[in-house]
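S.K.: Structure below; questions to follow.
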Amino acid sequence: MKKAQVLIKKFAVLLICITMIIISSAPSQQTRVRAADSSDNEYTVREGDFTSAPRGGSLVVAIEGSFVTLGENEKNDVLDRVNEIRLEACKEHLVNPENSSKTLSESDYVPIKWSTLLELVAAMRAVEASVYCMHGRIGATQWGNTQSTFDNGYGIKACSEVIAWNWNRDNTAALLEAVDQWYGEKSDYVNETPGAVTGHYTAMINPYNLYIGLSGFWNPNMLGTDSTYRYTTVAAQFARPSWQSDPNIREDIAGIGGRVAQKIEVAPSLISELSLSADAGIVVGQTSKVIARATVKTSGGVFGLSYGLGNVYAGLTWKSSNPSAVSVSDDGTITAVSKGTATITASVPDQDVEASITITADTQSSHNTFEPGDVNGDGSVDNQDVVALFRYVSGGKVEVVKVALDPDGDGDATNLDVVLLFRYVSGANVELSSVPYAE
């Protein structure tokens, strides 16, 4: 018995170490969700600048897609190309965008630098501009404002924004092509072509714009789920030193990239469709989560209608037809209060958009749809489940699939279950119980 206790203690220490490693290596405020287009892939859910406290009645929707993964070498390639364009404008003595009565000279050339904060703003804007292909944010407080400067939550004031769309799917070539797309306005600028758009080019060559941040986002649903056209949206933000809130400006990359469900603020009027999913049955005394999924639809942008799909994390109104059987909270968490059936409805405030799902509460599990060991309910059994179970049995606040909390099937959720699950995910020849746990 004593030997077993020592073994358990050793496993517990190891689990704590694993927990610290996983937590310290995971991006802040990030979780994993199943991809809509593939049961084998996942999206990392990423917080936005205002999504933890949405403003003015905005919904929070995590738009699914892929960010261009930017490394230091790729960042430098972008900077080199922009600076090449800036130097060329100075050598050719083009009209100074800041003062049309003067021309640029080589003494005006100042290499533009990267800004981490501007990259963060650009990432948000690349996602938003893939849903609404135009300048302007799409949250409730700023929807309809198509100016190229706006509030952000990253502590930096951008002085201008440029956007481009091209066919390079979520790779660095998309960023470099976007720079050349903006450079394509040079001829019109030099020739003063009436009515021509040249602001993207002048933002790059303006000697007062000393900082830049770029990001690219590929939204597979941008032009509709049935469309064969797939653009990557590239956004760039510019700033001047006097507009920076932090004198110690960071110039490293933000580390954004890969398959991401990016949370953004969305005005309620832009939600065109809503659907709900959840386990149809729940055991009395347990909780579960109803997942709300929305289609965001906009019009009036560069491509006319454009879309974004993703799960809704805040802003919906929830109600239960029978709260004495199944109650529901503001975030879609349902609780089985007593035996019975209830219709759970989520609706978009002040809009004629809603969805419902029927949930049955019973005194015992009438089905066994959970995967043994899948404590966090993400569809796979891995170290994240070990961490979730360890937190749960330690009294921590963590969202879990309660029927999966007893891998050894002894009727209790304890550290013995944590040890067993750890051994399982480590490849040990052990089995997990498929008996649902009931408190």
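S.K.: With Val78, Val95, Val131, Val82 as the choices, which residue is among the aliphatic types (A, V, I, L, M) and farther than 22 Å from Tyr183 by Cβ? Write out each step before concluding.
M.R.: Details: Val78 fails: farther than 22 Å from Tyr183 by Cβ; Val95 fails: farther than 22 Å from Tyr183 by Cβ; Val82 fails: farther than 22 Å from Tyr183 by Cβ.
After ruling out the rest, the residue left standing is Val131.
S.K.: Does Ala123 satisfy the criteria of being within 16 Å of Gln237 (Cβ to Cβ) and either modelled with pLDDT of 95 or more or more than 16 Å from the chain's Cα centre (by Cα) (or both)? Step through it out loud before you land on a result.
M.R.: Numbers: within 16 Å of Gln237 (Cβ to Cβ): yes; either modelled with pLDDT of 95 or more or more than 16 Å from the chain's Cα centre (by Cα) (or both): yes.
Taking the combined requirement at face value, the residue satisfies it.
S.K.: Separate question: Given the condition farther than 20 Å from His135 by Cβ, modelled with pLDDT of 95 or more, in a helix (DSSP H, G or I) and not hydrophobic (A, V, I, L, M, F, W, C), answer yes or no: does some residue in region 167-174 qualify?
M.R.: No, there is no match, as no residue in region 167-174 is farther than 20 Å from His135 by Cβ, modelled with pLDDT of 95 or more, in a helix (DSSP H, G or I) and not hydrophobic (A, V, I, L, M, F, W, C).
S.K.: Take Val61 and tell me if it is over 27 Å from Ala239 (Cα atoms), in a strand (DSSP E or B) and at pLDDT 95 or above. Outline the logic, then answer.
M.R.: Working: over 27 Å from Ala239 (Cα atoms): yes; in a strand (DSSP E or B): yes; at pLDDT 95 or above: yes.
It is true that Val61 is over 27 Å from Ala239 (Cα atoms), in a strand (DSSP E or B) and at pLDDT 95 or above.
S.K.: Where residues in region 175-189 are of a type in the set (Asp, Glu) and part of a helix (DSSP H, G or I), which of them is farthest from Tyr231 (Cα to Cα)? Spell out how you get there, then give the answer.
M.R.: Filtering region 175-189 down to residues of a type in the set (Asp, Glu) leaves 177, 180, 185, 188.
Going one step further and asking which of them are part of a helix (DSSP H, G or I), we end up with 177, 180, 188.
Values: Glu177: 12, Asp180: 16, Asp188: 25 Å.
The residue in question is Asp188.
S.K.: If you don't mind, there's one more thing I want to ask. Would you pick out the residues in region 174-210 that are buried (at least 17 other Cβ atoms within 10 Å of the Cβ) and among the aliphatic types (A, V, I, L, M)?
M.R.: Selection gives Ala174, Leu175, Leu176, Ala178, Val179, Ala203, Met204, Ile205, Leu210.
S.K.: How many residues are among the aliphatic types (A, V, I, L, M) and without any contact (Cβ under 8 Å) to a residue 24 or more places away in the chain when one looks only at region 189-238? Step through it out loud before you land on a result.
M.R.: Within region 189-238, the subset among the aliphatic types (A, V, I, L, M) is 190, 196-197, 203-205, 210, 212, 214, 222-223, 234-236.
Now narrow it down to the ones that are without any contact (Cβ under 8 Å) to a residue 24 or more places away in the chain: 196-197.
Going through region 189-238 one residue at a time, the tally reaches 2.
S.K.: From the residues in region 257-301 that are modelled with pLDDT under 95 and hydrophobic (A, V, I, L, M, F, W, C), which one is surrounded by the fewest Cβ atoms within 10 Å (Cβ to Cβ)?
M.R.: Filtering first and then ranking leaves Ala280.
S.K.: Follow-up. Are any residues in region 124-147 surrounded by fewer than 20 Cβ atoms within 10 Å (Cβ to Cβ) and either assigned to a helix (DSSP H, G or I) or hydroxyl-bearing (Ser, Thr, Tyr) (or both), and if so, which ones?
M.R.: Selection gives Thr141, Thr146.
The values are calculated or read from the model by the stated rules, or taken from the named source; none is laboratory data. Model, not experiment: these values are computed from the prediction. Glycine also receives a Cβ, built like all others from the backbone with ideal geometry; neighbour counts cover every protein chain displayed.
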